[in-house]
1. Show me the helices (runs of 4 or more DSSP H) entirely contained within region 1-104 in which 3 or more residues are at pLDDT below 80 and out of contact with any strand residue (DSSP E or B) (no Cβ under 8 Å at 6 or more places or on another chain).
2. Going by the conditions given, is THR131 over 19 Å from the mean Cα position of the chain (by Cα), more than 18 Å from ILE20 (Cβ to Cβ) and surrounded by fewer than 15 Cβ atoms within 10 Å (Cβ to Cβ)?
3. Give the residues of region 134-148 that are open to solvent by less than 50 Å² (accessible area, probe 1.4 Å) and within 15 Å of TRP81 (Cβ to Cβ), sorted by residue number.
4. If you scan region 4-26, which residues turn out to be more than 13 Å from PHE72 (Cβ to Cβ) and in contact (Cβ under 8 Å) with a residue 40 or more places away in the chain?
Amino acid sequence: SLLTLQKTTTVLFFALTPLIFFTAMRIMRFSLKTATFAGLLSTLPSSFTLFGYEYYAYFASGLFSQLVAMTFFPLALATTWRYLSEEGMNSKFSKWFFVSIFFTAVTFWSHILAGIILAVTTLLLHISWKTKDEAKTAIKKYILLYSILFLLTAGMFVPYLADAESYPGLPWSNPLKSQGLGFQRTSTELFRSNLLDYSDHSERFPMITLLT
């Protein structure tokens, strides 16, 4: 049944999270030790906000589309970073271009908000440390990549942009998700360990908070 398939996929994707993080880190040329450490910690963050990666979002709240998107998110980020890192415009149609197209498109198709976060993060992460000429080349390749992605995913978000009132309940309709918690509450919840080490049924050692 579809319900069995959904539950099986949820468990499988969550179980594969460490391997996915490890692979993404290696694609981004991090050391074996760093990638291994990232993989081991990847399933530990837990937040009361139900954003991103966390146990409650997947198993308690059943945010299935978010699970699928966030499963492919690290691979999309890593492959796009690798594509943009290749020197010059001569590499604009390398294998990393096509691989990044696939993973980024799947992320957008699964959860549009995750796709938007991916697009902004990829651009800021890549141009923030480059020289002016390198940044220009990266931006050109970025525009090429997302122009093709726009054609692949337009059928999903163009109807929303054209008639937003027909699509209630999307992520940005919630003020909390569009405006955030604010600095004061974010700081308070961080020091209470609720942003990264939240648990609603037992005390949990705030390991991820301390590492952060």
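The values are calculated or read from the model by the stated rules, or taken from the named source; none is laboratory data. Since we're looking at a predicted model, the values are computed, not measured. Glycine gets a Cβ as well: all are built from the backbone with ideal geometry, and neighbour counts include every protein chain shown. These accessible areas exclude ligands, DNA and RNA; they are computed on the full protein's heavy atoms, side chains included. Shrake-Rupley method; radii C 1.70, N 1.55, O 1.52, S 1.80 Å.
1. 2-27, 64-85
2. For THR131, the condition - over 19 Å from the mean Cα position of the chain (by Cα), more than 18 Å from ILE20 (Cβ to Cβ) and surrounded by fewer than 15 Cβ atoms within 10 Å (Cβ to Cβ) - is met.
3. ALA135, THR137, ALA138, LYS141, TYR142, LEU145, TYR146
4. Once the filter is applied, which keeps residues that are more than 13 Å from PHE72 (Cβ to Cβ) and in contact (Cβ under 8 Å) with a residue 40 or more places away in the chain, region 4-26 yields GLN6, THR10, PHE14, MET25.
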